[in-house]
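Structure, as structure tokens:
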């Protein structure tokens, strides 16, 4: 553009806008307008699992041609900013998955329009937008997410405006310069399709990002502490079972610590109904820790129960021995002496004692017969046969309950016979030292390959 023409630029713009109708799109009444889109990423600001959204700052460039604004050759161009932009027709582009957005205005509003002499127009702006991203957290934190940027015309259907990516995948610029603290962008794709709504068929452009979550933060903040807490609970297997305070304190401490870790993880996630990968790991760690505490409860119960049983057996043996001595003394007294005089005296005393006992028994029977006469039988009243049926029904029910109780007791006794008898409670600790680590290693050997090696398919 020559210097003489630059002097008349303002006059030329005014001449262009004299008969320019901002209310009508370019090529109105004929073929649809071709609107090309280009996006340049400035930054990924944040990704929120709780709100299911992410925030990014980007440059949006839109290209189209307006034959009403032709003023020269293609090499000639005029760049305009400020309020004059509102005097030109602008596309009504919006983001369907947008939650909130704002246009940067430091130091001026970050938007401009560039006119080429052949009628080509570039309309660019810089803004920050928070976009919805429906995340599938079943594999969290070993997951990958697919977040999109949706671009669409709000009022113009495909009959008026056809949106398209300017250069296909190359329309997304500076993606390799974007860094996220918790994710890695492993890939992206650009899609164009038509969407059917109640007001017509609209053209929609979609830019999808594949975001791989970095596991390093969760390894040091969640997984490694959980593993150490589980291993700490195994220390109780090497502590003497008589040290009750030490083993109980260690078990309760590990259980409370696992509860605290689980609460901290849940606070940073939405309240979703399905189970996440980290939930499975934390629950299994809690199960191992709680099982270690229950193991000591079983050891303590068997130890003191065995001691009480042995003490009871010793007491019973002493009682049986004392009772046997009494029987021996009675039998020796009942024996008749081989000496005639002593035998006669003993038999006489025995007869006297027997006669006196018989007299006492007769007296007590007579008194008992007088005092304890049988109750009178009430006369049978006709019309009240239900009394007998209710008593029979009550007896039948009691018999059923007794029968069920006997069956249940028989099964419990049979089950108790199949339970191996533990002679030494230290054997439980010895087996726990081996079984708990092996089971925990098997759990980890199945957990990590399942969630890491298994591919995740996006719909």
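All of the numbers you see were taken from the coordinates with simple rules; none came from a lab. Remember, it's a predicted structure, so these values are computed and weren't measured experimentally. We place every Cβ from the backbone using ideal geometry, glycine too, and count neighbours over all the protein chains shown.
Would you mind getting me the FRET efficiency between residue 40 and residue 244? Use the beta-carbon distance for r and R0 = 56 Å, nearest 0.05.
Once rounded, the FRET efficiency stands at 0.25.
Which residues in region 127-144 have a backbone N closer than 13 Å to a point placed 7 Å from the Cα of residue 271 along the Cα-to-Cβ line?
none
At a 10 Å Cβ-Cβ cut-off, how would you order 184, 79, fewest neighbours first?
Exposure proxy ranking, most exposed first: 79, 184.
Given a Förster radius of 35 Å and the C-beta distance between residue 259 and residue 100 as r, what FRET efficiency does 1/(1 + (r/R0)^6) yield to the nearest 0.05?
FRET efficiency, residue 259 to residue 100: 0.45.
Rounded to the nearest 0.05, what FRET efficiency do residue 318 and residue 407 have when you use their Cβ-Cβ distance and R0 = 35 Å?
Rounded to the nearest 0.05, the efficiency is 0.40.
What is the spin-label model distance, in nm, from residue 170 to residue 439 if the labels are put 7 Å beyond Cα along the C-beta direction?
The modelled label-to-label distance comes out at 6.1 nm.
Contact order normalised by length for region 15-214, with contacts defined as Cα pairs under 8 Å and 6 or more residues apart; what percent is it?
The value is 25 percent.
Could you work out the relative contact order of region 1-118, using alpha carbon pairs under 8 angstrom and six or more residues apart, expressed as a whole percent?
Value for region 1-118: 27 percent.
When you count, for each residue, the other Cβ atoms within 10 Å and take the mean per peptide, how do 118-130, 12-24, 244-256 rank with the highest first?
For the peptides 118-130, 12-24, 244-256, the packing ranking is 118-130, 244-256, 12-24.
Just want the ordering: 133, 435, 285, from fewest to most Cβ atoms lying within 10 Å of their own Cβ.
Going from least to most buried by this count: 435, 133, 285.
So how do 406-412, 444-450 stack up, highest first, on mean other-Cβ count within 10 Å?
Descending mean neighbour count gives 444-450, 406-412.
Each label point is 7 Å from the Cα along the Cα-to-Cβ direction; what then is the distance between the points at residue 252 and residue 400, in nm?
Those two pseudo-labels are separated by 4.6 nm.
Once you order the gyration tensor axes a ≥ b ≥ c over the Cα atoms, which shape class does region 15-214 get: rounded for a/c under 1.5, otherwise prolate or oblate by comparing a/b with b/c?
prolate
What number, in percent, do you get for the relative contact order of region 239-302 if the mean sequence gap of Cα pairs under 8 Å and at least 6 apart is divided by its residue count?
This gives 55 percent for region 239-302.
Share of antiparallel DSSP beta bridges in region 15-214, in percent to the nearest 5?
90
Need one number: nm distance between label points at residue 138 and residue 22, each 7 Å from Cα along Cα→Cβ, rounded to one decimal.
5.2
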